[in-house]
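Structure first, commentary second.
The values are calculated or read from the model by the stated rules, or taken from the named source; none is laboratory data. Just so you know, these numbers come straight off a predicted model, no measurement behind them. We place every Cβ from the backbone using ideal geometry, glycine too, and count neighbours over all the protein chains shown. These area figures cover heavy atoms from the full protein model, side chains too; ligands, DNA and RNA do not enter into them. Shrake-Rupley method; radii C 1.70, N 1.55, O 1.52, S 1.80 Å.
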Amino acid sequence: MTNEQLEVARELAACARSLFQRGYSFGTSGNVSARAGDIILVSPTNSSFEDLQEYSFSEVTLDGTRREGPVPSKEVHFHLALYAARPDAMAVVHLHSTYATAVSCLPANGGEILPVYTPYFAMRIPCLPVVPYLPPGHPDLAGHVRAAAERSPAILLKNHGPVTAGRTIREASALAEELEEQSRLYFLLGERGETLSAEQIAELRKRSAR
Ligand SMILES: [Zn+2]
């Protein structure tokens with residue numbers, strides 16, 4: 001590994017361990033990746049965020065060719081789809097975190113799947129596309145993820161969980177955490193929640209786009 005890759009790997013491992021320690025990942029659920037030049041460092045298959053260290057990662061190219069290290073997560077293909085859709089993405093976080101995954105199991109009713117309750121969620125996430133359910137590793141999944149990721153850095157895989165991209169590892173992680181907490185609010189509030197109005201959301205998104 002180059003020094004640049006090692007530095008990225010160190011930060012990615014620390015981020016994954018932090019997500020595990022704070023309950024956003026459990027068992028061997030979820031996977032993370034980060035870009036170092038033309039190489040993507042990906043957590044290996046059947047690994048736990050708890051155990052990731054700087055030398056744990058698989059190294060793959062942007063077209064999915066394995067270069068070094070252990071066998072990557074079988075979900076690596078949708079990570080690569082996010083990098084393809086979002087040229088500024090430097091990291092991708094995928095969780096099976098409980099509340100966001102619960103939202104991914106709700107029936108699609110045509111509108112936004114998750115109501116917007118708070119300004120920062122509205123500012124950080126322009127919309128929350130839901131990718132149709134396909135079994136993990138299905139070859140068509142990457143195409144659907146790519147189309148969704150062109151619209152938003154945060155997406156939900158139907159009946160599976162959230163995926164977020166960021167310009168830094170910290171940003172990708174923060175977005176996944178924000179999505180989990182907004183999902184938790186939704187279930188806490190139930191029918192009692194008052195959402196921001198369409199006008200308030202539009203104003204926030206206009207300001208954050210400046
Ligand atoms: Zn998954």
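The Cα atoms of region 90-129 cover 32, 24, 15 Å along the three principal axes, with the biggest extent listed first. Estimated from helices alone, the mean residue ellipticity of the chain at 222 nm is -12500 deg cm²/dmol (sum of -39500 (n - 2.57) over DSSP H runs with n ≥ 4, per residue). Computed from the alpha carbon atoms alone, the convex hull of region 87-210 holds 106 Å³ per residue.
Rolling a 1.4 Å probe over the protein heavy atoms gives the chain an accessible area of 49 Å² per residue.
Remark: region 1-143 is approximated by an ellipsoid whose semi-axes, taken from the C-alpha gyration tensor as √(5λ), come to 26, 17, 15 Å, largest first.
In order along region 56-64, the phi-based Karplus estimate (6.51 cos²θ - 1.76 cosθ + 1.60, θ = phi - 60°) of 3J(HN,Hα) comes to 7, 7, 7, 10, 10, 7, 5, 8, x Hz; Gly and Pro are listed as x.
Given R₀ = 41 Å, what would the calculated FRET efficiency be for Leu106 paired with Asp51, taking r from the Cβ atoms and rounding to 0.05? Computed FRET efficiency for Leu106 and Asp51 comes out at 0.80. For region 56-100, list residues with backbone N below 15 Å from a point placed 7 Å from the Cα of Arg167 toward its Cβ? Only 86-91 pass the distance filter. Take every DSSP beta bridge with both residues inside the chain and express the antiparallel ones as a percent of the total, to the nearest 5. Just about 90 percent of them are antiparallel. Close amide-amide hydrogen proximity is noted between Val131 and Leu156, Leu157, Lys158, each under 5 Å apart and 5 or more residues distant or on a separate chain (H modeled in the peptide plane; Pro and chain starts excluded). In region 43-116 the Cα-Cα distances spread across 10 Å bins starting at 0 as 15, 37, 32, 14, 1 percent of all pairs. Highest-first packing order for the peptide set 10-23, 38-51, 73-86 is 73-86, 38-51, 10-23, based on the mean count of other beta carbon atoms within 10 Å. Which percent of the accessible heavy-atom area of the chain goes to carbon and sulfur, probe 1.4 angstrom? Whole-percent figure for carbon plus sulfur exposure: 51.
Can you give the convex hull volume per residue for the Cα atoms of region 160-210, as a whole number of Å³?
Enclosed volume per residue, from the Cα hull, is 101 Å³.
Label-to-label distance, Glu11 versus Tyr133, with points set 7 angstrom from Cα along the beta-carbon direction: 3.7 nm.
For q = 0.19, 0.20, 0.21, 0.22 Å⁻¹, what log10 I(q)/I(0) does region 1-70 give under the Debye formula with an equal point scatterer on each alpha carbon and no solvent? Once normalised to I(0) and log-transformed, intensities are -0.67, -0.73, -0.80, -0.87.
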